[in-house]
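Report on one structure; see the data block that follows.
The values are calculated or read from the model by the stated rules, or taken from the named source; none is laboratory data. Only a predicted model underlies this, so the values are computations on that prediction, with no experimental measurement involved. All Cβ positions, even for glycine, are placed from backbone atoms using ideal geometry, and neighbour counts span all protein chains on display. Ligands, DNA and RNA are stripped out before the accessible areas are found, and what is left, the full protein with its side chains, is counted by its heavy atoms. Shrake-Rupley method; radii C 1.70, N 1.55, O 1.52, S 1.80 Å.
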Amino acid sequence: QSATFSDGSPRKTIVILGSGWGSISLLKNLDTTKYNVIVVSPRNYFLFTPLLPSTPMRTIELKSIIEPVRSITRRSKGEVTYYEAKATSINPRDKSVKIESSSQKGTDKFEVDLKYDYLVVSVGAKSTTFNIPGVIEHANFLKEIEDSEKIRLKIINNIEMASFLLPDDPERKKLLNFVVVGGGPTGVEFAAELQDYVRQDLKKWLPDISKEVKVTLVEALPNILNMFDKSLIEHTEKFLKKEKINLKLKTMVKSVDDDNINAMVNDKVEKIPYGVLIWATGNAPSDLCKGLMEQVEEQTSPRGLLINNQLQLLGFEDSIFALGDCTFHPGLFPTAQVAHQEGDYLADRFKTMYKIDQLKWKINHLDDVKNHSKKIRLSDKLTKLESKLQDFEYLHRGTLSYIGNEKAIVELKIGNSNYKISGPLAIWFWKSAYLNMCFSVRNRASVAFDWFKVYFFGRDSSV
Ligand code: FAD
Ligand code: NAD
């Protein structure tokens, strides 16, 4: 698109970092005819994370929950440029971002400096390890498609290796110990999916092995799923125990070695052997965000980018917005629901900001003497428009979690009332909510088909 509009006013450039919940919801609603829009992300697709825990054991196929960025940008009214690249540093004073091509694997690095008028940082977070020794070396995270593939490969390989060994071989027992650390929703949902696979599918192929598999869920606090109501937490804990998931509460992992996790339980160190270890203890800021925080005096939290109520980065309110998991703001949790609503809000805000920028340009280009009264009129209009830039208000609609064996828990917020559902209705609610939230009709149809396939034919056991 041209750098100016027909009246000569400049077309401003928005650079959007990321292709996750925040960025894609912004992009879907942004009027791209009013700006030069550049999207930068090393991941050339949007990932529907709520169903990611269903993918390692193939209840859901990976392809069913991704949507290519280019198919999203293609539907845009205006032109959108997409670079499959990673932002490596942000220079907020110079209003530029250094990006590095991520498809160029090898010695030649392809680096570019992008200039922006407005920058939107929505790069998510990385998995936190709390610097616990051995986690990086031995554990698997569950954040991206690649993580899901790695977990599957390890679990299936361990099962195949175990079936090679004699039943009394201690190595066989070790290989079949699957340990999940973190009793947040990621840990619970994955442990539930894994146990479903063992009890519904593995049982048919390798009945003896399936009896020996042990799924352990480790949580430091006295209970799991702390964001849910107490009654739903109790229901889930009872249910997981009934499903034979070894639930270890008040168990804080301190280190991980080649064979065991070492955890503090009642002031004593307990060794928990593992064959495959999955780590889901929450989020930490990415290196890109840490680099930005170091340059800005107002960025005083180690937990994420500090923003105000209008999603503006503290210290660079005029030019940088941040949303989603890369930010830290009281009352705004790192969830898809928050990032999605923030993206919508920002798209609306950019519509008003475009009008404001146009008006400012007009006022600056009017002759002072000849257009005195017109200038006053336009300045009044500008003040009115500026007052339209309201704070972001998050509307919490509820929280859902899969807990295994076709069961879910749902906490709904309608007006000021909270509804808690854990009976047979919950799974239908969970399934229809996620189907409804899927990005495209293709995603929706694929997910529904995957559920249908698993119900009638079971899960695939090959790697
Ligand atoms: P993300 O969606 O993580 O997107 C970040 C984007 O930035 C990615 O495209 C990434 O490739 C890109 N990126 C990273 N680094 C760079 C860089 N240097 N330069 C440019 N781009 C970069 N929330 C719910 O509300 N409900 C759920 O059921 C739910 N389930 C979840 C299940 C799992 C397994 C996980 C891991 C999370 C789940 N969440 C859920 C949380 C939800 O996924 C996040 O809150 C949401 O993804 C945050 O959106 P975001 O845009 O901030 O980041
Ligand atoms: P989380 O922060 O929600 O939970 C992490 C858990 O790990 C906590 O309960 C914590 O006490 C525990 N933990 C931390 N250190 C530990 C240690 N050393 N030993 C044992 N336990 C330890 O993390 P998550 O589940 O990865 O979720 C991240 C974000 O994504 C959250 O905001 C969550 O709400 C969101 N999410 C939502 C859903 C959903 O709504 N269904 C699903 C997945 C993720």
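Candidates are the residues of region 369-399 that are of a type in the set (A, V, I, L, M) and open to solvent by less than 30 Å² (accessible area, probe 1.4 Å); the one that is farthest from ligand 1 (Cβ to nearest atom) is Leu378.
Quick check: anything in region 8-18 within 9 Å of ligand 1 (Cβ to nearest atom), closer than 27 Å to Thr352 by Cα and either at pLDDT below 95 or assigned to a loop (DSSP other than H, G, I, E, B) (or both)? Yes; the residues of region 8-18 include at least one that is within 9 Å of ligand 1 (Cβ to nearest atom), closer than 27 Å to Thr352 by Cα and either at pLDDT below 95 or assigned to a loop (DSSP other than H, G, I, E, B) (or both). In this structure, Ala85 does not qualify as more than 20 Å from Leu142 (Cα to Cα), aliphatic (A, V, I, L, M) and either open to solvent by 70 Å² or more (accessible area, probe 1.4 Å) or more than 15 Å from ligand 1 (Cβ to nearest atom) (or both). Would you confirm, using the coordinates I've provided, whether Pro222 is of a type outside the set (Phe, Trp, Tyr) and at pLDDT 95 or above? Criteria met by Pro222. Every condition in (1) surrounded by 15 or more Cβ atoms within 10 Å (Cβ to Cβ); (2) touching a residue at least 12 places away in the same chain (Cβ under 8 Å); (3) under 30 Å from Asn283 (Cβ atoms) holds for Phe333 except the one numbered (1). For Ser41, state whether it is surrounded by fewer than 16 Cβ atoms within 10 Å (Cβ to Cβ) and either within 16 Å of ligand 2 (Cβ to nearest atom) or under 21 Å from Pro285 (Cβ atoms) (or both). Against the criterion (surrounded by fewer than 16 Cβ atoms within 10 Å (Cβ to Cβ) and either within 16 Å of ligand 2 (Cβ to nearest atom) or under 21 Å from Pro285 (Cβ atoms) (or both)), Ser41 does not qualify. When Leu26, Leu47 are screened for being within 23 Å of Arg442 (Cβ to Cβ) and within 16 Å of ligand 2 (Cβ to nearest atom), only Leu47 passes.
Let's see how each residue does on (1) modelled with pLDDT under 95; (2) more than 24 Å from the chain's Cα centre (by Cα); (3) among the β-branched types (Val, Ile, Thr):
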{"position": "Ile151", "(1), (2), (3)": "no, no, yes"}
{"position": "Met161", "(1), (2), (3)": "no, yes, no"}
{"position": "Gly182", "(1), (2), (3)": "no, no, no"}
{"position": "Phe190", "(1), (2), (3)": "no, no, no"}
{"position": "Ile209", "(1), (2), (3)": "no, yes, yes"}
{"position": "Lys214", "(1), (2), (3)": "no, yes, no"}
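Taken over region 227-241, the residue count meeting the criterion of being out of contact with any strand residue (DSSP E or B) (no Cβ under 7 Å at 6 or more places or on another chain) and closer than 15 Å to Pro185 by Cβ is 1.
Each row is one residue, and each column tells you yes or no for (1) under 18 Å from Ser122 (Cβ atoms); (2) in contact with a Phe, Trp or Tyr (Cβ under 8 Å, 6 or more places away or on another chain).
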| residue | (1), (2) |
| --- | --- |
| Pro42 | yes, no |
| Thr55 | no, no |
| Ile66 | yes, yes |
| Glu84 | yes, no |
| Ala87 | yes, no |
| Ile99 | yes, yes |
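Checked against the criterion of being outside any strand (DSSP E or B), buried (at least 18 other Cβ atoms within 10 Å of the Cβ) and within 16 Å of ligand 2 (Cβ to nearest atom), region 115-123 has at least one qualifying residue. Looking across region 17-38 at every residue that is in contact (Cβ under 8 Å) with a residue 60 or more places away in the chain and farther than 16 Å from Glu67 by Cβ, the one that is most open to solvent (accessible area, probe 1.4 Å) is identified as Lys34. Within region 431-457, the set of residues being closer than 23 Å to Arg397 by Cβ and open to solvent by 60 Å² or more (accessible area, probe 1.4 Å) comprises Ser432, Asn436, Met437, Val441, Arg444. Pairs linking a residue in region 410-424 that is assigned to a strand (DSSP E or B) to a residue that is among the acidic types (Asp, Glu), with Cβ atoms under 8 Å and 6 or more positions apart or on different chains, are Glu411/Asp229; Asn418/Asp229; Asn418/Glu411; Tyr419/Glu411; Lys420/Asp229; Lys420/Glu411; Ile421/Glu411.
Can Ile99 be described as open to solvent by less than 60 Å² (accessible area, probe 1.4 Å), within 10 Å of ligand 1 (Cβ to nearest atom) and either in contact with a Leu (Cβ under 7 Å, 6 or more places away or on another chain) or of a type in the set (Ser, Thr, Tyr) (or both)? Criteria met by Ile99.
Figure legend. Inter-residue proximity from region 51-74: first residues at positive phi and modelled with pLDDT of 95 or more, second residues of a type in the set (Asp, Glu) and open to solvent by 10 Å² or more (accessible area, probe 1.4 Å), beta-carbon distance below 6 Å, spacing 6+ or different chains. Indicated pairs: Arg58/Asp460. State whether the residues of region 328-340 include one that is within 14 Å of ligand 1 (Cβ to nearest atom) and either of a type in the set (Gly, Ala, Ser) or on the phi > 0 side of the Ramachandran plot (or both). Yes, that holds for at least one residue. Among the conditions (1) part of a loop (DSSP other than H, G, I, E, B); (2) away from ligand 1 (no atom under 16 Å from the Cβ); (3) open to solvent by 50 Å² or more (accessible area, probe 1.4 Å), Met227 misses just one, which is (2).
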